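Read-outs: derived from the displayed coordinates by stated rules, not from any lab. Quantities reported herein were computed from a predicted structural model and do not represent experimental measurements. Don't worry about glycine lacking a Cβ; one is built from the backbone with ideal geometry, like all the others, and counts go over all protein chains shown.
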Amino acid sequence: MTRSALITGITGQDGSYLAELLLSKDYQVHGVVRRSSRERMERLEKILPQITLHEGDLTDSGSILRILQKSDPVEVYNLAAQSFVPSSWTQPLLTGDVTGLGVTRMLEVLRQHNPNIRFFQASSSEIFGQATDESQSEQTAIRPRSPYGVAKAYGHFITINYRESYDLFAVSGILFNHESPRRGGEFVSRKISRAAALIKLGRQEKVFLGNLNAERDWGHASDYVKAMWLMLDQKTPKDYVVATGKKSTVRDFAKIAFDCVGLDWEKHVEIDSTLYRPAEVDALCGNASLIREELGWQPTITLEALIREMVESDLKDLRG
Ligand code: NAP
Ligand code: GDD
């Protein structure tokens with residue numbers, strides 16, 4: 001019998017890659033979509049005929065319950081969130097409501113509807129904040145530095161708590177930064193790849209960035225959704241760090257992106273200090289030994305290949 005899976009946040013970057021992965025494994029894929037004044041299906045265009053979308057919102061438990069009843073999934077992937085860190089300072093309550101409490105709403109309706117459903121929570125390396133460990137593992141202290149990080153820390157702990165309290169198969173994947181040509185334009189990776197393409201085509205001269213010294217562990221979204229699926233395909237529920245184990249600065253990212261189009265990044269990047277954050281996470285670098293050893297997961301796409309794919313996709317898009 002065909003298994004059914006439900007993805008919240010299906011219209012986002014990861015939602016679209018995960019939907020494709022699950023379709024390739026013969027799942028019936030269902031997704032939660034927020035009501036909007038205009039359609040936001042760009043990332044799902046190719047697979048729209050193969051998936052079923054349901055209108056709902058993480059702030060409205062009734063809508064989620066009805067969607068669970070209709071889709072009757074064996075697995076639920078909770079990817080929906082207010083996921084942009086700077087917006088969590090301008091909308092801290094909304095971020096807490098969706099990114100934090102939204103997880104409890106999911107777990108509550110899930111356990112009432114069918115406690116046998118397996119649940120994946122998209123947790124984040126932002127929960128580590130200013131980590132003192134050189135690389136962060138499942139054992140690293142949780143010290144978030146943004147309202148988003150605080151909300152994700154809540155989502156992380158409530159997932160563990162529901163597993164321990166109600167014996168649910170509920171797991172939390174601590175995902176480090178992952179990007180792709182489908183990344184939202186406000187995140188630094190896509191902002192840079194798009195700017196490099198625009199500047200190459202003579203349509204823009206400069207790009208304004210904030211903290212160039214920040215270090216991140218960047219992987220490719222297509223690898224990270226495989227980790228999500230693997231985590232639900234186990235005998236025992238367990239939390240894992242998902243990361244490449246290599247960190248680079250925003251400056252490195254910009255250099256590689258501009259190199260891809262034969263330009264000198266220093267001539268085109270300027271600093272806009274208004275883009276600095278009230279509290280920065282200076283460096284993140286994940287230790288993914290556990291998931292490598294226990295589930296055999298590993299990243300397959302290098303940072304250079306990721307950036308090249310993003311820049312080439314932006315060039316193609318702009319030329320088209
Ligand atoms: P994204 O592109 O920003 O997608 C977020 C998704 O959540 C969108 O589909 C959005 O819908 C949906 N959403 C937002 N508020 C909602 C609400 N109130 N009710 C229902 N849906 C709502 O994020 P992503 O990069 O794919 O990330 C997926 C998840 O992983 C997020 O939870 C994120 O916090 C987490 N994460 C991401 C990374 C990363 O580097 N990408 C790293 C760690 C953790 P609309 O399309 O309608 O806006
Ligand atoms: N967005 C942005 N725009 N960031 C900039 C800029 C800029 O112009 N200039 C420098 N940065 C720096 C930020 O200060 C941050 O240190 C780093 O680039 C990465 O910023 P983002 O790409 O916005 O990602 P993030 O690390 O804050 O958050 C992403 O990764 C988290 C996992 O660590 C998001 O995907 C979160 O949802 C995710 O949880």
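Overview of results
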item	result
Lysines with Cα under 18 Å of LYS267, excluding same-chain neighbours fewer than 8 positions away	LYS191, LYS200, LYS206, LYS255
Solvent-free Debye scattering, log10 I(q)/I(0), computed from the Cα coordinates of the stretch 122-183 at q = 0.13, 0.22 Å⁻¹	-0.38, -0.91
Percent of Cα-Cα distances greater than 20 Å, calculated over the stretch 98-237	57 percent
Summed residue charge, Cβ within 12 Å of ALA151's Cβ, Lys/Arg positive, Asp/Glu negative	-1
Check: the stretch 258-320 dipole with +1 on Lys, Arg Cβ and -1 on Asp, Glu Cβ, in debye	180 debye
Of GLN13, GLN204, GLN136, the one that fluctuates the most in a GNM where the chain has Cα springs shorter than 10 Å	GLN204
Charge dipole (the stretch 161-283, unit charges on Cβ, about Cα centre) - positive-most of SER189, ASN211, LEU201	LEU201
VAL74, VAL188, VAL242 arranged by Cβ crowding within 10 Å, fewest neighbours leading	VAL74, VAL188, VAL242
Environment charge at ARG203 (Cβ cut-off 13 Å; Lys +1, Arg +1, Asp -1, Glu -1)	+1
Cα centroid separation, the stretch 131-200 to the stretch 241-320 (Å)	15 Å
DSSP-loop GluC sites (Glu not before Pro) across the stretch 81-186, with at most 16 other Cβ within 10 angstrom	GLU134, GLU138, GLU186
Helix-derived mean residue ellipticity, 222 nm - over the chain, DSSP H n ≥ 4, -39500 (n - 2.57), to 500	-11500 deg cm²/dmol
Using alpha-carbon coordinates, inclination of helix 188-200 to the longest axis of the chain, degrees	40 degrees
Qualifying trypsin sites (Lys or Arg not before Pro) in the stretch 16-69, DSSP loop, other Cβ atoms within 10 Å at most 14	LYS25, ARG35, ARG38, ARG40
Projected-area average for the stretch 254-320 over all orientations - Cα convex hull basis, square nanometres	7.4 nm²
Dipole of the stretch 56-198, positive direction: furthest Cα of ALA151, ILE127, GLN82, with charges on the beta-carbon	GLN82
For the chain, the fraction of alpha-carbon pairs in successive 10 Å shells from zero, as %	6, 27, 35, 24, 7, 1
At 1.567 mPa s and 4 °C, Stokes D of the stretch 1-142 from Kirkwood alpha-carbon radius, µm² per second	80 µm²/s
Convex hull (Cα only) mean projected area of the stretch 184-229, reported in nm² to one decimal	4.3 nm²
Helix axis angle, 61-71 relative to the chain longest principal axis, alpha carbon, degrees	80 degrees
Fraction of beta bridges assigned by DSSP in the chain that are antiparallel (%, nearest 5)	5 percent
Farthest toward positive dipole pole in the chain [+1 Lys/Arg, -1 Asp/Glu at C-beta], among LEU303, VAL29, THR236	VAL29
